[in-house]
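The values are calculated or read from the model by the stated rules, or taken from the named source; none is laboratory data. This is a predicted model, so every value here is computed, not measured. We place every Cβ from the backbone using ideal geometry, glycine too, and count neighbours over all the protein chains shown. Accessible surface is based on the protein model in full, side chains and every heavy atom, while ligands, DNA and RNA are left aside. Shrake-Rupley method; radii C 1.70, N 1.55, O 1.52, S 1.80 Å.
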Amino acid sequence: MSVDPPFGATVSDLQKKGVDYKETFAPVGSPITLRILLTIAAIQDLNLDQIDMVGAFLNGSLDTNVYLRQPEGWKLSSEYCLLMGSLYGLCQAARIWYELVHSVLSEHGFTRLDADPGCWYKHDSSGALHFVIAHVDDMIIGGLREEVLATKLILSSHFKISDLGPVKFFIGISISRDRDRRTITLSQSHYVTDILGNYSISDLNPVILPIAPGDTIVKGDITVSLDDRKHFQSMVGSLGYLMNCTRPDLAFVVNCLAQMSSCTTSAHLLAVKKVFRFLNHSKNWDLVLNKFRSPSKSSFDVSGWFDASWADNPDDSRSTFGYTILFEGSPILWKSRKRRAVTLSTMDAEYLAATETTRDLSFINNICEGLGISLNKPFPLHGDNVNANALANNETTSSSSRTRHIALRERYVTQQASLGFVKIIKVDTSEQLAEIFTKALPRESFIKHAKSLCLEIGEVPTYECMLCTSNFRSNNKLHKHIRDDHADKIIRDIKQDSDKRTRALYPTDSFPTKKQKTD
């Protein structure tokens, strides 16, 4: 290909698929795999170092001929030059870099993880896990100290690297660890501060809930301008990145807001601003892996929690379902979604949520089996609906008039339960962790479930009352205790008033004397 890009264009704008390049897809490590590996590293006290590849896309060779016009200042015999290596701006640059990294690691004993091609692993002679997880040119190397140093040496012999030492910041997440307590904390407080400033919301009063019970986010007839809609979409996108990385408590409200991206109204703008005001209140909430300090072991516990809210969407009567998967008590996966089709009962909605959870449990199992990590089976699957749990445990109910409409693909949980892959466990609704993904909760329940999802909440900020100088959670000038004290003062004044009119309204017989009180 001969390339002479116009002003403002890049090389990739002029490339044609199948002629100038073949494949462009380049996998990166999944956040789910990253949380699993970080949890294992915390439990087993593995070393975690980070490296950055300098000029990553300049490595590797092209598999097609690409010609570029000579840059200004060069004087060669030919007007065009054959590009001998990869270059930033080429469509296939990321793919070439990924394949090069894979070939180098494979030559030195690493195996690519089938369930997540952005991760490579191997085991030493003692069976200890050693891994590399990459996000383009940023890599985390985990394992025993000797193995970590050896891997750095291997990569530095093939590429120019920047050794950043123990991992502290990866894909926008601040990573800190307490090796004595064997915990790893994931924080995005810096990101929250940035987006609050970008959208000019840092000065607004904070609120204690992202969405209050009774609040609804529904479609409206009068939409906002295109600029406001793009502003709304940008804000929701910022929340989505935060939620997917470290804030499972935002999953429900982000799911509701994302559905309004194409029909945004002024009410939706207020709703998303309320979430940002909640972030102003909770910017320092961090996700702590291995918070409950599981001991080092050869086999790990994985559990699932699922819930559904039947026909809760007033626009189309569809149900919201949500679930989370815990690895040794630490959340590694969470979701909140709206069903694509209408469900006919609460049992249907809960049962389909159980199936979705089981599918992702299979994904987690594939990751761990690929890494050589042993898991305790069957996996506990916690649901609070008795009928859905019974259906999941019984294969013979498929011909029932109440369940025969359920599609075959949705019966995956029943099959896996019969094979001993999952075990359905009844849990009380008040203890259902997944409830936070399906509905707006009161403050107490919201905080309870957020803590159960390993969020480090810390002290709740309080505000000083202007009248009594006491501290309260609500930033309100008139608190309930003030109203009560004011009412008591009125009653005392009435009792002590000697005015005839007051005595006529409140006869003295209605107020017992001190002697009567003593008797």
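Residue separation times 0.36 nm, minus the C-alpha to C-alpha distance between residue 150 and residue 340: what's the value?
Details: separation 190, 0.36 × 190 = 68.40 nm, distance 4.93 nm.
Here the segment from residue 150 to residue 340 would lengthen by 63.5 nm.
When every Cα-Cα distance of the stretch 142-188 is counted in 10 angstrom steps from zero, the calculated P(r) takes the values 22, 42, 31, 5 percent. With one equal scatterer per alpha carbon and no solvent term, the Debye-computed log10 I(q)/I(0) for the stretch 234-321 at 0.13, 0.14 1/Å reads -0.60, -0.67. Rounded to the nearest 0.05, the FRET efficiency derived from the C-beta distance between residue 394 and residue 317 at R0 = 25 Å is 0.35.
Separation of the alpha carbons by more than 25 angstrom is noted, of 297/377; 335/423; 219/335; 168/274, for 168/274.
Beta carbons within 10 angstrom, averaged per residue: use that to sort the peptides 251-262, 442-453, highest first.
On the way: 251-262: 20.5, 442-453: 16.9.
For the peptides 251-262, 442-453, the packing ranking is 251-262, 442-453.
Ignoring ligands, DNA and RNA, what percent of the 1.4 Å accessible area of the stretch 83-158 is carbon and sulfur?
On the way: 1800 of 3140 Å².
On the stretch 83-158, the fraction of accessible area on carbon and sulfur atoms equals 57 percent.
Highest-first packing order for the peptide set 118-124, 365-371, 79-85 is 118-124, 365-371, 79-85, based on the mean count of other beta carbon atoms within 10 Å. Remark: the stretch 270-279, residue by residue, has Karplus-estimated 3J(HN,Hα) of 5, 5, 6, 5, 5, 5, 5, 5, 5, 5 Hz, where x stands for each Gly or Pro and the curve is 6.51 cos²θ - 1.76 cosθ + 1.60 at θ = phi - 60°.
Would the stretch 367-457 count as rounded, prolate or oblate if I go by the C-alpha gyration tensor, calling it rounded below 1.5 in a/c and otherwise prolate when a/b exceeds b/c, oblate otherwise? Intermediate values should be presented prior to the final figure.
Values: a/c = 2.62, a/b = 1.31, b/c = 2.00.
Oblate, because a/c is 1.5 or more while a/b does not exceed b/c.
Residue ranges 102-114, 217-229, 137-149 sort as 137-149, 102-114, 217-229 when ordered by packing (mean number of other C-beta atoms within 10 Å per residue, highest first).
Evaluated on the stretch 177-299, the Kirkwood hydrodynamic radius is 15.8 Å, with distances taken between all distinct Cα atoms. Shape annotation for the stretch 297-344: C-alpha extents along the principal axes are 48, 16, 13 Å, from largest to smallest.
When the residues 249, 286 are ordered by accessible surface, computed with a 1.4 Å probe over the protein chains alone, the sequence from largest down reads 286, 249.
Both radii were evaluated on the Cα set of the stretch 266-366; the Rg over Rh quotient, with Rh as the Kirkwood radius, amounts to 1.07. Within the shell of other residues whose beta carbon sits under 13 angstrom from the beta carbon of residue 311, the net charge comes to -1, with Lys and Arg scored +1 and Asp and Glu -1. These residues, 418, 303, go from largest to smallest accessible area, 1.4 Å probe, as 418, 303. Counted over the stretch 327-375 with a bin width of 10 Å, the fraction of Cα pairs per bin, in whole percents, is 21, 43, 24, 11, 0. Counting only protein chain heavy atoms and rolling a 1.4 Å probe, the accessible areas of 291, 377 rank, largest first, as 377, 291. A straight line joining the Cα centroids of the stretch 79-123 and the stretch 248-266 runs 37 Å.
Amide H to amide H, with H built 1.01 Å from N, residue 67 comes under 5 Å of 2, 3, 83, counting only residues 5 or more places away or on other chains.
With the contact rule set at Cα under 8 Å and sequence spacing of 6 or more, what percent relative contact order holds for the stretch 272-431?
For the stretch 272-431, the relative contact order is 22 percent.
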